[in-house]
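A quick write-up on the structure given underneath.
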Amino acid sequence: MRTLLLWPVLALFALGSAGGARAGESGPVVERQEISVTLVPESHHLSGESTITFAAGTRRASLRLTAAASVESVAVSGQRVPFTFQGGVVSLELPRGEGPLPVTISYSADFNDPVSGSPAASEDPSYGVSAAITREGTFLGDSAYWYPVPGETPKRRSLRIQAPAGTEGVSFGRRVSRGTAGAVTHSSWEEARPVGVLSLCAGPYLVVDRKQDGIEIHSYLYPANAGLSPRYLDAAAKYLRFYSDLFGPYPFEKFAIVENFFPTGYGFPSFTLLGGSVIRLPFIVDTSFPHEIAHSWWGNGISVDPREGNWCEGLVTYLADYLLKERRSPGEGREYRQQLLVDFASLVTPTSDFPLRDFTSRSDPASRAIGYGKGAMVFHMVRSQIGDAAFFAALRELCRTHMYGSASWGDLVRAFSRSSGRDLAPFMEQWLARPGGPRLSLSGVESRQTGEGWSVTGSVVQDSPGFQLALPLRLEASGTQVVDLIPVSGQRTPFKITSVWAPKRLLLDPDAQVFRVISPGEIPATVNSIKGSAQLLGVTTQQCRARSNTFRALLTSLSQGSARVIDEDELERMDASAYDLVFCGPPRNRSQFSRLPEAVELSAAGFSVDAVAYPAPDGLLFLVQKRPGGSGRVAALFDPLSEEAALQYYPKITHYGKYGSLVFAGGGVRSKGTVPAGEGAAVVSFHP
């Protein structure tokens, strides 16, 4: 299975989940598969031979192979036999025999998917590339069927890769050998417990090896990035130890950090594949990189049973991106949870929402917010209910019982229930089977002074049908606070909280401990507000310094490629109150756009932010604010100081989804921030 780097950092990259089956639909037992391929980058060519040894008694075999292949021969026990090759399937009848039957297929194929050196932002983590053999590098993904794939995963599997001298290949399993003889560099790989469909990468790598706690760790980096090898090897050793302590032994023979020649972020069984531009980012080694290592257990070691949806992206988001922040500080954990709620409310609309059980892989910002973000929050609620000991014990049990197999949401629910001694199925079912989440507010809140202190009463209100959850309410008083867990169910749940001190504020789940759909008043205006808009207009002003095609490319990068683009004159003739707006250039009529923040000044020569001037031509300001009038709509200003600046910086904006103010200059981001949202119906203030 191919898994992918996570999203909130990856809000920084188009790296998401690809899903996939372990090896095919079903078929006869395969005792062993041996594969040998030769790569010819100059002509995008692969020639290969594979021997698949079927169990005794097998009478018919079908194997998937790219429809673009030429099958030269098929032999059983060394004797050529008739076969058919149609629609990417090699089929043959096997002769009767008492023992296992080896089937050898010789074939060749060309792989040359177009690869862009600077692909546009996309929710497709492959950027449309499933297989390419090029001078820059080779990537053969599991969906390309670059070798004959049987319907059942072999019990053992080996691969030999040959390429021009200096081109190192890497794939699943333990590296048995590598070397160069004459004009050929070769390597051999073997899996003791094969999983999934093989992927293969090759390039002019500098290879560095290390061994940690009995695990072979390798780096395969291009010469320009080879200096980063010690940092990644150190991080790999650190996180492999951390997750082994949490879940149990690392399930594969090796772990390798492999560089790709275009900016992917994949996690495969026993290696992670990162584009060179990704590897160079200083924060990746402690953010997205441990996410991929966690996938070694969840998604690769234990694959997803697709019949009940994809649980692994939400779980790994929780166990890597979230858990590591929580362990650094409670404040970082709280901020991350709050951001997940903001992202869901900003990106998911009624038309794009669906139950968590229907999530398979991310295809757009909404599916990402559901499968990764909502999924992570569901695991957080489970952990909060049953405690750390039961939560992590359940995960260790799953690793013991399901490793090298698959698991479903049902398997996870049963494991958590056994570990905690509580039936969690009713609680989990509502989060898995229903779209959205509870919309909660405080109603009828009153405070009264009593003989012993103060009493605060009111109700928690939610839409029907209601969710059942334990909702934290926090009462802040002079110098102290009281937190109560309110068992919420139905449309209206009354509560009473007492305090010896005069109350100042009552807050509904201020630390984001439960999943809920927060109200518009709680959502700050951000880039994600634009990405999640269901009604958006692009507006070209007289001061727009970007070409129309560039402005359209910006909208496309923000998942708004179908948005209508008009000019200022047309905007002023229409009622645009129901739309979110993106202005290219400052509008002459500011009635559609809130007053600029005090720190921002615009001029014909450029702009300034926080007293720092950014003169033309190098600079770009992207500012998102709530529109005047309290409609809940937002307006964004896209203000590049030249067409060149627009082209250089617009692709970066989508990666900063949680921010509402961005300044680019000098080749990168120079300033970022967000105006805090209001408190909405989740806070009640008491006045003396």
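Listed residues LEU319, LEU356; which is surrounded by 22 or more Cβ atoms within 10 Å (Cβ to Cβ), out of contact with any Ser or Thr (no Cβ under 7 Å at 6 or more places or on another chain), under 22 Å from ASP509 (Cβ atoms) and in contact (Cβ under 8 Å) with a residue 12 or more places away in the chain? Steps first, please.
On the way: LEU319 fails: under 22 Å from ASP509 (Cβ atoms).
Selected residue: LEU356, the only one of LEU319, LEU356 that is surrounded by 22 or more Cβ atoms within 10 Å (Cβ to Cβ), out of contact with any Ser or Thr (no Cβ under 7 Å at 6 or more places or on another chain), under 22 Å from ASP509 (Cβ atoms) and in contact (Cβ under 8 Å) with a residue 12 or more places away in the chain.
Which of the residues belonging to the stretch 413-437 are surrounded by 15 or more Cβ atoms within 10 Å (Cβ to Cβ), among the charged types (D, E, K, R) and outside any helix (DSSP H, G or I)?
ARG434
Just name the residue that is nearest to ALA376 (Cα to Cα) out of those in the stretch 266-325 that are of a type in the set (S, T, N, Q) and in a helix (DSSP H, G or I). Spell out the reasoning first.
We begin by selecting, within the stretch 266-325, every residue of a type in the set (S, T, N, Q); these are 270, 272, 277, 287-288, 296, 300, 303, 310, 317.
Now restrict to residues that are in a helix (DSSP H, G or I): 277, 288, 317.
On the way: SER277: 27, SER288: 15, THR317: 6 Å.
Only one residue fits best here, namely THR317.
Of everything in the stretch 268-285, what is more than 19 Å from ALA224 (Cβ to Cβ) and modelled with pLDDT under 90? Give them in sequence order. Don't jump to the end; show me each part of the working.
Start the filter on the stretch 268-285 by keeping residues that are more than 19 Å from ALA224 (Cβ to Cβ), which leaves 268-271, 283.
The one that is more than 19 Å from ALA224 (Cβ to Cβ) and modelled with pLDDT under 90: PHE283.
From (1) within 30 Å of ILE257 (Cβ to Cβ); (2) surrounded by fewer than 22 Cβ atoms within 10 Å (Cβ to Cβ); (3) within 18 Å of the chain's Cα centre (by Cα), pick out the condition that doesn't hold for SER329.
(3)
Do the conditions hold for PRO617, that is, is it of a type outside the set (A, V, I, L, M) and either within 28 Å of SER577 (Cβ to Cβ) or not assigned by TED's automatic domain parsing to the domain that holds THR654 (or both)?
no
Which one of ARG633, ARG670, ARG627 is touching a Phe, Trp or Tyr at 6+ places or on another chain (Cβ under 7 Å), over 18 Å from LEU555 (Cα atoms) and among the basic types (Lys, Arg)? Working first, answer last.
On the way: ARG633 fails: over 18 Å from LEU555 (Cα atoms); ARG627 fails: touching a Phe, Trp or Tyr at 6+ places or on another chain (Cβ under 7 Å).
ARG670 is the lone residue from the list that is touching a Phe, Trp or Tyr at 6+ places or on another chain (Cβ under 7 Å), over 18 Å from LEU555 (Cα atoms) and among the basic types (Lys, Arg).
For the stretch 328-353, which positions are assigned to a helix (DSSP H, G or I) and either free of Cβ contacts under 8 Å to residues at least 60 places away in the same chain or of a type in the set (Val, Ile, Thr) (or both)?
Keep residues of the stretch 328-353 that are assigned to a helix (DSSP H, G or I), which gives 328, 330-347.
ARG328, PRO330, GLY331, GLU332, GLY333, GLU335, VAL342, listed by residue number.
Find the residue count for the stretch 1-59, including only residues that are of a type in the set (A, V, I, L, M, F, W, C), at pLDDT 90 or above and surrounded by fewer than 19 Cβ atoms within 10 Å (Cβ to Cβ). Before the answer, list the steps.
Pass one, the stretch 1-59, residues of a type in the set (A, V, I, L, M, F, W, C): 1, 4-7, 9-15, 18, 21, 23, 29-30, 35, 37, 39-40, 46, 52, 54-56.
Keeping just the survivors that are at pLDDT 90 or above gives 29-30, 35, 37, 39-40, 46, 52, 54-56.
If we keep only those that are surrounded by fewer than 19 Cβ atoms within 10 Å (Cβ to Cβ) as well, we get 29, 40, 55-56.
The qualifying residues number 4.
Counting just the residues of the stretch 600-618 that are in contact with a strand residue (DSSP E or B) (Cβ under 6 Å, 6 or more places away or on another chain) and part of a loop (DSSP other than H, G, I, E, B), which one comes out modelled with the lowest pLDDT?
Pass one, the stretch 600-618, residues in contact with a strand residue (DSSP E or B) (Cβ under 6 Å, 6 or more places away or on another chain): 600-601, 605-609, 614-616, 618.
Still in the list and also part of a loop (DSSP other than H, G, I, E, B): 605, 616, 618.
Numbers: ALA605: 91, ALA616: 94, ASP618: 95.
So the residue we want is ALA605.
Do we have GLU446 as surrounded by fewer than 19 Cβ atoms within 10 Å (Cβ to Cβ) and touching a residue at least 12 places away in the same chain (Cβ under 8 Å) here? First the steps, then the outcome.
On the way: surrounded by fewer than 19 Cβ atoms within 10 Å (Cβ to Cβ): yes; touching a residue at least 12 places away in the same chain (Cβ under 8 Å): yes.
Spelling it out, GLU446 is indeed surrounded by fewer than 19 Cβ atoms within 10 Å (Cβ to Cβ) and touching a residue at least 12 places away in the same chain (Cβ under 8 Å).
Could you identify the single residue in LEU240, LEU246 that is in contact with a helix residue (DSSP H, G or I) (Cβ under 7 Å, 6 or more places away or on another chain), of a type in the set (A, V, I, L, M) and buried (at least 16 other Cβ atoms within 10 Å of the Cβ)?
Details: LEU246 fails: buried (at least 16 other Cβ atoms within 10 Å of the Cβ).
Unique residue meeting the criteria: LEU240.
It is to be established whether one or more residues within the stretch 471-488 are in contact (Cβ under 8 Å) with a residue 60 or more places away in the chain and under 21 Å from ASP511 (Cβ atoms). Give the steps one after another, and end with the answer.
Initial filter on the stretch 471-488 (in contact (Cβ under 8 Å) with a residue 60 or more places away in the chain): none.
Within the stretch 471-488, none of the residues are in contact (Cβ under 8 Å) with a residue 60 or more places away in the chain and under 21 Å from ASP511 (Cβ atoms).
Exactly one condition in (1) modelled with pLDDT under 95; (2) outside the structural domain of TYR239 (by TED's automatic domain parsing) is not met by ALA320; state its number.
Going through (1) modelled with pLDDT under 95; (2) outside the structural domain of TYR239 (by TED's automatic domain parsing) one by one, ALA320 breaks only (1).
Within the stretch 348-370, can you find the residues that are small (Gly, Ala, Ser) and under 13 Å from PHE515 (Cβ atoms)? Spell out the reasoning first.
Start the filter on the stretch 348-370 by keeping residues that are small (Gly, Ala, Ser), which leaves 352, 361, 363, 366-367, 369.
Matches in the stretch 348-370: ALA369 only.
Of the residues LEU101, LEU140, only one is at pLDDT below 95, more than 26 Å from HIS655 (Cα to Cα) and surrounded by 16 or more Cβ atoms within 10 Å (Cβ to Cβ); which? Walk me through how you get there before you give the answer.
Numbers: LEU140 fails: at pLDDT below 95.
Residue meeting the stated conditions: LEU101.
Are any residues in the stretch 390-417 within 19 Å of HIS380 (Cβ to Cβ) and polar (S, T, N, Q), and if so, which ones?
The answer is SER417, and nothing else.
Every residue in the stretch 639-653 that is part of a helix (DSSP H, G or I), in contact with a strand residue (DSSP E or B) (Cβ under 7 Å, 6 or more places away or on another chain) and not hydrophobic (A, V, I, L, M, F, W, C), please. Talk me through it step by step, then tell me what you get.
At the first step, the residues of the stretch 639-653 found to be part of a helix (DSSP H, G or I) are 643-653.
Then keep just the ones that are in contact with a strand residue (DSSP E or B) (Cβ under 7 Å, 6 or more places away or on another chain); that gives 645-646, 649, 652-653.
Selection gives TYR649, LYS652.
Do you know which of the residues in the stretch 495-538 that are within 23 Å of the chain's Cα centre (by Cα) and of a type in the set (S, T, N, Q) is surrounded by the most Cβ atoms within 10 Å (Cβ to Cβ)? Outline the logic, then answer.
Initial filter on the stretch 495-538 (within 23 Å of the chain's Cα centre (by Cα)): 512-518, 523-534.
Then keep just the ones that are of a type in the set (S, T, N, Q); that gives 513, 526, 528-529, 533.
Values: GLN513: 19, THR526: 26, ASN528: 29, SER529: 27, SER533: 23.
It comes out as ASN528.
Please tell me if ALA237 is part of a helix (DSSP H, G or I), modelled with pLDDT of 95 or more and farther than 23 Å from TRP189 by Cβ.
no
So, of the residues in the stretch 408-447 that are under 29 Å from GLY521 (Cβ atoms) and aromatic (Phe, Trp, Tyr), which turns out to be nearest to the chain's Cα centre (by Cα)?
Per the criteria, the residue is TRP431.
Could you list, in sequence order, all residues of the stretch 555-606 that are within 28 Å of HIS655 (Cα to Cα) and among the basic types (Lys, Arg)?
ARG564, ARG590, ARG595
What about TRP146, is it within 21 Å of ARG32 (Cα to Cα), of a type in the set (A, V, I, L, M, F, W, C), assigned by TED's automatic domain parsing to the domain that holds PHE111 and in a strand (DSSP E or B)?
Numbers: within 21 Å of ARG32 (Cα to Cα): yes; of a type in the set (A, V, I, L, M, F, W, C): yes; assigned by TED's automatic domain parsing to the domain that holds PHE111: yes; in a strand (DSSP E or B): no.
Considered against the rule, which asks whether it is within 21 Å of ARG32 (Cα to Cα), of a type in the set (A, V, I, L, M, F, W, C), assigned by TED's automatic domain parsing to the domain that holds PHE111 and in a strand (DSSP E or B), TRP146 comes out as no.
If I filter the stretch 179-210 down to residues being of a type in the set (D, E, K, R) and surrounded by fewer than 17 Cβ atoms within 10 Å (Cβ to Cβ), which single residue comes out as farthest from ALA131 (Cα to Cα)? Spell out the reasoning first.
Of the residues in the stretch 179-210, the ones of a type in the set (D, E, K, R) are 190-191, 193, 209-210.
Imposing the further condition that a residue be surrounded by fewer than 17 Cβ atoms within 10 Å (Cβ to Cβ) reduces the set to 193, 209-210.
Working: ARG193: 25, ASP209: 27, ARG210: 29 Å.
Filtering the stretch 179-210 for residues that are of a type in the set (D, E, K, R) and surrounded by fewer than 17 Cβ atoms within 10 Å (Cβ to Cβ), the one farthest from ALA131 (Cα to Cα) comes out as ARG210.
What is the one condition in (1) under 29 Å from the mean Cα position of the chain (by Cα); (2) surrounded by fewer than 15 Cβ atoms within 10 Å (Cβ to Cβ); (3) in a strand (DSSP E or B) that GLN625 does not satisfy?
The number of the failed condition is (2).
Quick test for you: out of ALA69, ALA61, ALA75, ALA56, pick the one residue that is closer than 27 Å to THR167 by Cα and either touching a residue at least 12 places away in the same chain (Cβ under 8 Å) or under 41 Å from the mean Cα position of the chain (by Cα) (or both).
Values: ALA61 fails: closer than 27 Å to THR167 by Cα; ALA75 fails: closer than 27 Å to THR167 by Cα; ALA56 fails: closer than 27 Å to THR167 by Cα.
Answer to the check: ALA69.
(1) of a type outside the set (A, V, I, L, M, F, W, C); (2) modelled with pLDDT of 95 or more; (3) within 26 Å of the chain's Cα centre (by Cα); (4) surrounded by fewer than 23 Cβ atoms within 10 Å (Cβ to Cβ): which one isn't true of GLU643, the others all being true?
(3)
Of ALA235, ALA294, which residue is surrounded by fewer than 24 Cβ atoms within 10 Å (Cβ to Cβ) and more than 20 Å from PRO194 (Cβ to Cβ)?
Result: ALA235 is the single residue among ALA235, ALA294 that is surrounded by fewer than 24 Cβ atoms within 10 Å (Cβ to Cβ) and more than 20 Å from PRO194 (Cβ to Cβ).
The values are calculated or read from the model by the stated rules, or taken from the named source; none is laboratory data. Remember, predicted model here, so these are calculated numbers, not experimental data. Glycine gets a Cβ as well: all are built from the backbone with ideal geometry, and neighbour counts include every protein chain shown.
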